[in-house]
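For reference, the structure discussed in these notes is given below.
A short reminder: the numbers here are calculations on the coordinates, not readings from a lab. Remember, it's a predicted structure, so these values are computed and weren't measured experimentally. Every residue, glycine among them, receives a Cβ derived from its backbone with ideal geometry; neighbour counts consider all protein chains shown.
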Amino acid sequence: MDLKNHRISATIDEQTIVAQCTPQGPGAIALIRLSGKYAVEVASDMAQLPSKKTLLEQKSHTIHFGYVVDQDNVHIDQVLFLLMKAPRTFTGQDVVEITCHNNQFLIEKIIDRALECGARLASNGEFARRAVALGKMDLVQAEAMNDLIHAQTEESLKYSLQQIEGTFSYWVAEIEQSVVEMLAFCEASFEFIDEEEMEFAHDIKVRMEKLILKVEKLLQTYPKQQYIKEGMRIALVGSVNVGKSSLFNCLVNKKRAIVTDIAGTTRDVIESGLYKNGGFLTFVDTAGIRQTQDQIEKEGIDRSFAEAQHADIIILVIDRTQQLALEVKKEYQHILHKYADKIIVVENKIDVKKSYADDFSDVQLPQVVQVSAKQHSNIDLLQSVIDEKMQELKGACKVTCLLNKRQYSLLCTFLEQL
Ligand SMILES: Nc1nc2c(ncn2[C@@H]2O[C@H](COP(=O)(O)OP(=O)(O)OP(=O)(O)O)[C@@H](O)[C@H]2O)c(=O)[nH]1
Ligand SMILES: [Mg+2]
């Protein structure tokens, strides 16, 4: 058999796979990874070392300066070969990583050369799949690695790292252990059915209750885990012209939304995100609520209500210089009732004399933060109230592990069947 054919005809999981591991785009260096039964042979065929030795002759876990060459020994690029033989590798197979210059033409040439030498292109996630198949990590850890790469907040990064190190896997192992013990107790209860002193039924019941509590506790944190994963969404809601867009611009620290004295200036939802204290915040400006016949404005107002529902925190803005129209006041009351736990009420325009005080005595109004968006007064105070509210919401979420949707629905099924 031809030297390269035996590499290609290996079983699908043994074939040598190759892929660029670093993202495409500008940068100094890129990394190409080979993994498979014949990874070192493939890399050796494409490598030229100054010592004239081959990669096959080198020890495992060593780094070699050299060149990737074509079939006529013409240099393609000057690179570093990182040689790692099984089993102490990411995939559990022989792995060679090539650090080359980050030029897409060069990268493609190196990958083409690997293909000529008997590798094939890796499919999406194939390196991680092999690592799971060869017991280098479990599925939960592989998912955590994906979460780590895509983590949007520092906190979510922290949890993904813990999960790679096995926190959730340990948690699952403990659950498994409890189930196995209960099964053993069930079997023992059949064996010793006549022994009155052995209270298996009571023991199993106590263990089962503990187990259910443990799973329920983790499941309950799931909706709140989104704060950690995706950050929080804070919507500015209120009547027209109260200064929502002005306040929004203050909070995101740029002139993002248009501000005018024309009522109904903001027609659509405007978002702006920022990182703060390791978390991600998305501020959302919305169209002012009022009665209107304008189709576009109506659609904008519907979106404002949808944002109020969707948001983790609502900043409900009151203007001390204008009285709310009756129907708008009703909407304020409705929002205050429905979303009591996530509302911060802000009275804007404290730089001018108070001319109206809407009566919300029928609803329990939370603490009112007084600001002037125009003069940037008390914005720090508002920010600290927002921080407190965020801590309050997050505090209800003491997370053991961050679950993804798959893990969450599997745990729900498990709980149903207990
Ligand atoms: N005096 C004073 N005027 C303000 C303050 N905040 C906003 N304004 C003015 O109020 C008017 C409306 O401000 P916007 O920020 O556009 O109000 P809005 O709530 O976004 O309005 P819509 O988009 O129409 O719903 C503008 O003329 C602002 O300059 C403030 O703190 N003090
Ligand atoms: Mg506006």
Within 10 Å, count the other beta carbons around each residue, average over each peptide in 248-260, 68-80, and list them highest first. 248-260, 68-80
Residue separation between residue 11 and residue 350 times 0.36 nm, minus their alpha-carbon distance, gives in nm 114.6 nm
For residue 374, list long-range residues whose amide hydrogen, built 1.01 Å from N in the peptide plane, is under 5 Å from its own amide hydrogen. 349
Magnitude of the Cβ-charge dipole of the chain, K/R +1 and D/E -1, about the Cα centre, nearest 20 debye? 1720 debye
At a Förster radius of 35 Å, what calculated FRET efficiency corresponds to the Cβ-Cβ distance of residue 414 and residue 69, to the nearest 0.05? 0.05
Cα convex hull volume per residue for the chain, in Å³, equals 235 Å³
About the Cα centre, and with charges only on the beta carbon of Lys, Arg (+1) and Asp, Glu (-1), how big is the dipole of region 151-217? Nearest 20 debye, please. 580 debye
Applying the Karplus parametrisation 6.51 cos²θ - 1.76 cosθ + 1.60 with θ = phi - 60° to the phi angles of region 291-298, what ³J(HN,Hα) value in whole Hz is obtained for each residue in order, glycine and proline being reported as x? 7, 8, 9, 6, 4, 5, 5, 4
Working from Cα positions, state the angle (0 to 90°, nearest 10) between the long axis of helix 200-220 and the longest principal axis of the chain. 70 degrees
Amide hydrogen neighbours beyond the local backbone of residue 320, cut-off 5 Å, H modeled: 348
Compute the acute angle (0 to 90°) between the alpha-carbon long axis of helix 104-116 and the principal axis of greatest extent of the alpha-carbon atoms of the chain; round to the nearest 10°. 40 degrees
Non-local amide H neighbours of residue 120 (under 5 Å, H modeled in plane, Pro and chain starts lacking H): which ones? 16, 17, 18
Out of 141, 11, 66, whose Cα points farthest toward the positive end of the dipole of the chain (charges: +1 Lys, Arg; -1 Asp, Glu; placed on Cβ)? 66
The ³J(HN,Hα) series, computed from each phi in region 14-29 with the Karplus coefficients 6.51, -1.76 and 1.60 at θ = phi - 60°, rounded to the nearest Hz and given as x for glycine or proline, is 9, 3, 7, 9, 9, 7, 6, 9, 8, x, 6, x, x, x, 6, 10
Cα-based equivalent ellipsoid, region 1-153: semi-axes from gyration tensor eigenvalues, Å: 25, 19, 14
Just subtract the alpha-carbon distance of residue 305 and residue 186 from 0.36 nm times their residue separation and send over the number in nm, one decimal. 37.5 nm
Extreme residue, positive dipole direction of region 219-291, given options 288, 223, 258 (C-beta unit charges): 223
Taking θ = phi - 60°, what integer Hz values does the Karplus form 6.51 cos²θ - 1.76 cosθ + 1.60 yield along region 80-92, in sequence order, with x for Gly and Pro? 10, 9, 9, 9, 9, 8, 4, x, 7, 9, 4, 8, x
Once both axes come from the Cα atoms, what is the angle between helix 154-164 and the longest principal axis of the chain, in degrees from 0 to 90, rounded to 10? 40 degrees
Summing +1 per Lys or Arg and -1 per Asp or Glu among the other residues with Cβ less than 9 Å from residue 185's Cβ gives -2
What distance in nm separates the two pseudo spin-label positions at residue 203 and residue 217, each 7 Å out from Cα along the beta-carbon direction? 2.3 nm
Run the numbers for residue 357 and residue 384: contour at 0.36 nm per residue of separation, minus the present Cα-Cα distance, in nm. 7.3 nm
At q = 0.17, 0.20 1/Å the base-10 log of I(q)/I(0) from the Debye formula over the alpha-carbon atoms of region 276-418 is -1.09, -1.37
So how strong a dipole does region 228-395 carry about its Cα centre when Lys and Arg Cβ are +1 and Asp and Glu Cβ are -1, to the nearest 20 debye? 340 debye
Suppose only helical runs count, i.e. DSSP H with n ≥ 4. What mean residue ellipticity at 222 nm does that imply for the chain under -39500 (n - 2.57) per run, divided by all residues and rounded to the nearest 500 deg cm²/dmol? -13500 deg cm²/dmol
Roughly what would the spin-label model give for residue 149 and residue 24, points 7 Å off Cα along C-beta, in nm? 1.5 nm
